[in-house]
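S.K.: Here it is, the structure, as structure tokens.
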Amino acid sequence: MTSKKNKARTPREVNPKKFKKKTSALVTEKVDFVDYKDVNLLNRFVSDRSKIRNRRVAGNTVQQQRDIAQAIKIAREMALIPYAKRVSQTRAGRPPRDGEGRRERNEEQVASSQVEELDVDLDIDADDEMADEMAEEVQA
């Protein structure tokens with residue numbers, strides 16, 4: 001009788017969670033040599049954020065993945081493929097960890113918001129005066 005540690009592992013064919021291996025774009029298009037100038041082919045192995053896709057995701061063999069990674073790196077050096085694409089979404093920065101900086105910033109924000117309120121009030125008063133002047137001109 002064997003213990004759990006020494007128990008022989010079952011082969012993968014018996015595994016119920018068996019997955020179908022994905023076929024590579026290199027195999028389907030019958031590409032023998034991965035060329036760094038073939039940008040359309042290389043873009044298939046790059047994510048939307050310009051990261052090189054996994055071998056498992058792309059369905060490549062180890063050698064194909066090495067060739068693709070090398071070709072992508074050369075194409076980036078030659079400026080045929082961007083290192084990173086622009087991201088449309090910006091993330092908000094973290095607030096400072098120390099409590100002192102927060103208080104100072106809040107006081108500045110309060111002061112600036114009070115100034116903005118004054119500017120708005122002045123604009124409203126100026127608009128009212130202009131409206132009164134236009135009304136007098138229309139009546140005259």
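S.K.: Return yes or no: is Q70 part of a helix (DSSP H, G or I), under 14 Å from A25 (Cα atoms) and in the same structural domain as L26 (by TED's automatic domain parsing)?
M.R.: On the way: part of a helix (DSSP H, G or I): yes; under 14 Å from A25 (Cα atoms): no; in the same structural domain as L26 (by TED's automatic domain parsing): yes.
Spelling it out, it is not the case that Q70 is part of a helix (DSSP H, G or I), under 14 Å from A25 (Cα atoms) and in the same structural domain as L26 (by TED's automatic domain parsing).
S.K.: Further, regarding this structure: Does the range 19-34 hold any residues that are in a loop (DSSP other than H, G, I, E, B) and hydrophobic (A, V, I, L, M, F, W, C), and which are they?
M.R.: Narrowing the range 19-34 to residues in a loop (DSSP other than H, G, I, E, B): 19-24, 29-34.
Within the range 19-34, F19, V31, F33, V34 qualify.
S.K.: Separate question: Mind counting the residues in the range 16-75 that are over 30 Å from Q89 (Cβ atoms), without any contact (Cβ under 8 Å) to a residue 40 or more places away in the chain and of a type in the set (F, W, Y)?
M.R.: Final tally of qualifying residues: 2.
S.K.: Specify the residue that is surrounded by the fewest Cβ atoms within 10 Å (Cβ to Cβ); the eligible residues are those in the range 73-86 that are charged (D, E, K, R) and part of a helix (DSSP H, G or I). Can you show your working first?
M.R.: Of the residues in the range 73-86, the ones charged (D, E, K, R) are 73, 76-77, 85-86.
Checking the rest, the ones that are also part of a helix (DSSP H, G or I) come to 73, 76-77.
Numbers: K73: 14, R76: 17, E77: 11.
The residue in question is E77.
The values are calculated or read from the model by the stated rules, or taken from the named source; none is laboratory data. Note that this is a predicted model, so its numbers are computed, not measured. Note that each Cβ is placed from the backbone with ideal geometry, even for glycine, and that neighbours are counted across all protein chains shown.
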